[in-house]
Each structure stands twice: as structure tokens, then as C-alpha cells.
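Taking it in order: structure first as C-alpha cells, then the write-up.
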């Protein structure tokens, strides 16, 4: 699948009070993403609490998102957390057969921490040789440890013709530039997960944004990606706001994003398997309320309405 440039939220998972997946809530989030104008959805990722879901839940969640997302929005999905490589292959094939646009591997699953990139490359070769699919992706997930792909390995992935998506978490412009140059002319699209470096990375050839803040104000990121070349001065002004606003990531995420979605009118809980939602104290809730009002005031100023 040719991956479209734009904004790809890392989809959160809403839970019921007894910590079961709330599929009515999942549907509401998909509808909200659509309203915000996103290009695609990255389902069953770390923001989805994939490490806290069992194999069947990961598959069911991916399939539900695939089946219920409007056709004009693309879907990629991961869930690549099984320890045994044969289980990884089996789980990946199920998601691919369910119709996902691209199956996304977690880079730290290619090799243990401290092992060489040659080990990682051999793992990638084995996986793509044993999974029937036309399109794969890679997510440089920071948990349980971060494995950032070198430009050389990324170019090798692109040259296979089977990779179309990278969620990059290096958060460094020099690294993003080297990767963008390495895959230039290929079908592999790089999506920056870091808000502060986004505008400069777009100028370097990255395809868009796939990060936490697309669970708060994705429409602002959509405008930036679509208009940064046509209106560079306004884009720079918006980038200043988005970069500063991205510090909310350091709060109680993803609980705070679920609370923000409540404020947006979505009928979901703040429950999380990753952390106790009581950590989002009354003062932290006030911070999110203030953050949302600040964002809405910026929208009025920036768009003039």
C-alpha cells in the first residue's frame, strides 16, 4: 500500500470501568479523528497500551479499527510484542489477513538491547520471508528499550520494496535528515513522532506526524503538514505553539488524553491498564482544562474565527 502523507494519530484504547476494551468508545475516537481531518490511524501501538493487551485483544482491536474506519482514512497496526518469533509471525499474519494497510514491526523486537544491527537485519529478513504481505512498517518504540534504525538499515528496508511506513522517534534533526535522504525516491514514508522538530523535518522530506499530540489537537497538525510550504510564516508561528504545547506529553499520558477527549465530548472513561487514572489528580485535570481552553483560543486567533 502506498502510504499517504499527513497526520497519523497513535490511537489510544478506551476501557470500561472494569478494564475491558470499550468498543463503543473506540468507534467514537475513530469518528473524532475523522472530524479532525487525519490521513491515517496507527492502531495497536504503545499509546494503545498494546503491552497490556493479550494476543486475542490485540487482534480484535486491530480488526475492529480496520473494519470501522472510513475508507478515506488509511490504517496501519502493530501489536508486535510476542517474545517467540513464531508467535510474532502468526499474530502479524492474522492482522494482515484482516486487511490492514501495513503491519508495523516494533524495532526493539528485532534484537536484544546491546545486540548489533546485523542481528536486527537478520531478524527483519526472517520475518518478511515468513509473512505473506506487500507492505510493512517499523515503529521505533521506546519501550522496553529504544532501537533507532540507522539510515543504512532503513535504506536496506526501503530497497526490499516491502516497507512503506516508519514512525521515527530519534527526535533529532540530524538523524531525521539522514534517514530522509537515505530513503528518498522510495515508497517508504517517514513520520516524525516528535512535535518540536516536526516543521523542520517536513522541510527535510519527512511525510508527516505520528505522535502523542495527535490525540489532543490533530487538526492543528493537519494544517501544518498541508500548508507549511504555502504559508511558511504562519507555519512557523503554529510550530511555536505546537512545540510548546507538546510538553503536555510529560503529564499522565495516556490518561490525560482520555480526559481531554472527554472534554471534547467523547463518552469514554479515563481508565487505563498502564497506570492508575487516579494519578491524574484534580490539579492535573485543571491543567488539561486550561490546556484545552488555551488551544481553542489559539484556534480562534490563528484561523480568525
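Read-outs throughout are calculated quantities, based only on the coordinates presented, and are distinct from any laboratory measurement. None of these values were measured; they are calculated from a predicted model. Because the Cβ atoms are built from the backbone with ideal geometry, glycine has one as well, and the counts that use them run over all protein chains shown.
Which distance in Å, rounded to a whole number, links the C-alpha centroids of the range 171-189 and the range 92-135?
Centre-to-centre (Cα) distance: 20 Å.
What spacing in nm lies between the two simple spin-label points modelled at residue 302 and residue 17, each 7 Å away from Cα in the Cβ direction?
3.7 nm
Please report the antiparallel percentage of DSSP beta bridges with both residues in the chain, rounded to the nearest 5.
5 percent
Give, as ranges by residue number, the residues of the range 280-305 whose backbone N falls under 17 Å from the point 7 Å along Cα→Cβ of residue 237.
Residues 295-305 fall inside that zone.
Within 10 Å, count the other beta carbons around each residue, average over each peptide in 49-57, 162-170, 225-233, and list them highest first.
My ranking of the peptides, most packed first, is 162-170, 49-57, 225-233.
Can you order the peptides 210-217, 278-285 by their average number of other Cβ atoms within 10 Å per residue, highest first?
210-217, 278-285
Evaluate E = 1/(1 + (r/R0)^6) for residue 97 and residue 152, where r is the Cβ-Cβ distance and R0 equals 30 Å; express this FRET efficiency to the nearest 0.05.
0.40
Starting from the Cα-Cα distance between residue 219 and residue 287, subtract it from 0.36 nm times their residue separation and give me the gain in nm to one decimal.
So the extension gain works out to 22.4 nm.
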